[in-house]
Amino acid sequence: MPEPQYEYDVKPFSLAPSELENSKFAFNDILNDRASNGWVLNETLRIDASSFFLIFRRPSDE
C-alpha cells in the first residue's frame, strides 16, 4: 500500500504577552480558517520567545 502524500502550509504567528487574550482569538481564527479548507495543525515551530511557525498539512490530491 503506498504511503499517503501530503501538502503543507506554513503560517507565521506572533504571540505578544501583553495581548494574550487577543492572540488566543487570532490563533482560533487561523485554526478555523485552515480547517475549513481541510488543513490540520501538524506542528508548531518556535522561532523565538514570541514567534512561531504553524505548520499545517492535508492529504494531497495526487
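The values are calculated or read from the model by the stated rules, or taken from the named source; none is laboratory data. Remember, predicted model here, so these are calculated numbers, not experimental data. Positions of Cβ are backbone-derived with ideal geometry, glycine not excepted, and every protein chain shown enters the neighbour counts. For accessibility, only protein heavy atoms count, side chains too; no ligands or nucleic acids. Shrake-Rupley method; radii C 1.70, N 1.55, O 1.52, S 1.80 Å.
Tell me which residues, restricted to the range 48-62, are in contact (Cβ under 8 Å) with a residue 12 or more places away in the chain, loosely packed, with under 15 Cβ neighbours inside 10 Å and among the hydrophobic types (A, V, I, L, M, F, W, C). Residue satisfying the conditions is PHE53 alone. Could you tell me whether GLU21 is open to solvent by less than 80 Å² (accessible area, probe 1.4 Å) and either of a type in the set (Val, Ile, Thr) or free of Cβ contacts under 8 Å to residues at least 60 places away in the same chain (or both)? Answer is no for this residue. With respect to (1) closer than 15 Å to TYR8 by Cβ; (2) touching a strand residue (DSSP E or B) at 6+ places or on another chain (Cβ under 7 Å); (3) open to solvent by 80 Å² or more (accessible area, probe 1.4 Å); (4) of a type outside the set (Gly, Ala, Ser), the lone exception for ASN37 is condition (2).
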